[in-house]
Amino acid sequence: MSYPDIQAVLALVKSAGALVLPYWRADDLAVTEKADASPVTAADMAAHHCLLEGLTALDSQIPVLSEEDCEIPFEQRQQWTRWWLVDPLDGTREFVTGNQEFTLNVALIENGQTVFGVVGLPASGRYYYGGAALGAWCVDDKASEAPRSLHVPPTLCRPDALAISRLHSSPAQEALLSAIEQTFGQPLLISAGSSLKFCLVAEGLADCYPRLAPTSQWDTAAAQAVLEGAGGQVLTLDGQSLRYEARPDFINPAFIALPAEAKWQPQLLALAQEAAAQ
């Protein structure tokens with residue numbers, strides 16, 4: 001089976017990123033609330049339309065599920081075997097406050113698994129892309145350099161640096177962080193927004209990203225593909241790979257993103273299970 005070219009998707013994400021930048025830090029940016037109380041701006045919609053039109057042009061037979069156009073009946077989505085999963089602007093709150101850690105996320109899903117993904121950070125000019133069978137790379141459009149291959153460190157004695165959400169936590173998340181400190185020692189906590197947290201693990205800048213607070217499928221799929229391409233994995237608390245089958249809602253279970261060869265994986269999963277059960 002043939003797939004759209006990941007380089008074509010990368011170019012499309014760059015085009016959408018260029019469209020949102022004029023809205024970033026604009027004094028007159030209007031922010032409205034969706035039904036779930038999450039913010040949305042004209043930048044979200046500009047990126048959405050660009051990505052929807054571009055992905056459809058690449059292959060009109062692959063449906064698109066975007067955060068900004070997700071009112072597609074479950075019965076219809078159940079029939080899909082391959083589709084695009086898109087977050088046109090992940091980290092809208094960061095975007096509104098002028099923080100540069102917002103991302104554009106595009107993933108190709110097949111039979112519930114990520115095939116490849118592209119994560120763009122247009123404010124910094126960095127773009128991550130890859131998939132489990134492809135490898136993973138980061139390219140910096142503001143530097144005259146070739147794409148840099150990403151590889152997570154193969155062996156780590158313990159999780160010394162954790163990527164955590166800048167804005168979202170939960171009692172279970174805080175309990176897990178406390179348990180990690182008691183078990184492994186005080187880790188360095190790296191606060192970051194959006195799907196960038198996965199990319200920090202893919203680059204080896206963080207050892208893991210535990211998430212025991214809610215996320216949606218479009219928040220994670222593209223960056224999961226990048227991390228898998230770099231030699232990482234994203235596991236639910238039962239030790240299974242985070243998957244993307246069609247569901248009535250789009251909420252992910254709790255998960256931990258970490259190197260595939262981390263020897264402390266079973267211990268960390270046990271701590272996460274205990275924290276989630278409290």
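The values are calculated or read from the model by the stated rules, or taken from the named source; none is laboratory data. This is a predicted model, so every value here is computed, not measured. All Cβ positions, even for glycine, are placed from backbone atoms using ideal geometry, and neighbour counts span all protein chains on display.
Summed over the stretch 14-32, the residues that are surrounded by 14 or more Cβ atoms within 10 Å (Cβ to Cβ) and in a loop (DSSP other than H, G, I, E, B) give a count of 3. Scanning for something exposed (fewer than 15 other Cβ atoms within 10 Å of the Cβ), more than 12 Å from the chain's Cα centre (by Cα) and closer than 19 Å to Ser169 by Cβ, does the stretch 247-256 turn up at least one residue? Yes, the conditions are met somewhere in the stretch 247-256.
Out of all the residues in the stretch 198-211, is one or more hydroxyl-bearing (Ser, Thr, Tyr), out of contact with any Lys or Arg (no Cβ under 7 Å at 6 or more places or on another chain) and farther than 13 Å from Val118 by Cα? Among the residues of the stretch 198-211, not one is hydroxyl-bearing (Ser, Thr, Tyr), out of contact with any Lys or Arg (no Cβ under 7 Å at 6 or more places or on another chain) and farther than 13 Å from Val118 by Cα, which makes the answer no.
Taking the stretch 111-207 as the region of interest, the strands (runs of 3 or more DSSP E) fully inside it that hold 2 or more residues being under 30 Å from Leu55 (Cα atoms) are 113-121, 126-131, 135-140. When you look at Thr103, is it hydroxyl-bearing (Ser, Thr, Tyr) and in contact (Cβ under 8 Å) with a residue 12 or more places away in the chain, yes or no? When the stated conditions are applied, Thr103 passes them.
Only one of the numbered conditions (1) buried (at least 21 other Cβ atoms within 10 Å of the Cβ); (2) over 15 Å from the mean Cα position of the chain (by Cα); (3) modelled with pLDDT of 95 or more is violated by Phe95, and that is (3). For the stretch 75-94, name all the residues that are within 18 Å of Thr220 (Cα to Cα) and out of contact with any His (no Cβ under 7 Å at 6 or more places or on another chain). Arg82, Trp83, Trp84, Leu85, Val86, Asp87, Leu89, Asp90, Gly91, Thr92, Arg93, Glu94 - these are the residues of the stretch 75-94 that are within 18 Å of Thr220 (Cα to Cα) and out of contact with any His (no Cβ under 7 Å at 6 or more places or on another chain). Inspect all residues belonging to the stretch 211-229 and state whether any of them is in contact with an Asp or Glu (Cβ under 8 Å, 6 or more places away or on another chain), of a type in the set (Val, Ile, Thr), at pLDDT 95 or above and outside the structural domain of Arg77 (by TED's automatic domain parsing). Scanning the stretch 211-229, I find no residue that is in contact with an Asp or Glu (Cβ under 8 Å, 6 or more places away or on another chain), of a type in the set (Val, Ile, Thr), at pLDDT 95 or above and outside the structural domain of Arg77 (by TED's automatic domain parsing), so the answer is no.
If I filter the stretch 172-231 down to residues being under 19 Å from Phe250 (Cβ atoms) and hydroxyl-bearing (Ser, Thr, Tyr), which single residue comes out as surrounded by the most Cβ atoms within 10 Å (Cβ to Cβ)? Among residues in the stretch 172-231 that are under 19 Å from Phe250 (Cβ atoms) and hydroxyl-bearing (Ser, Thr, Tyr), the one surrounded by the most Cβ atoms within 10 Å (Cβ to Cβ) is Ser195.
State yes or no: is Ser195 at pLDDT below 95, hydroxyl-bearing (Ser, Thr, Tyr) and not assigned by TED's automatic domain parsing to the domain that holds Trp80? Here the answer is no, as Ser195 does not meet what is asked.
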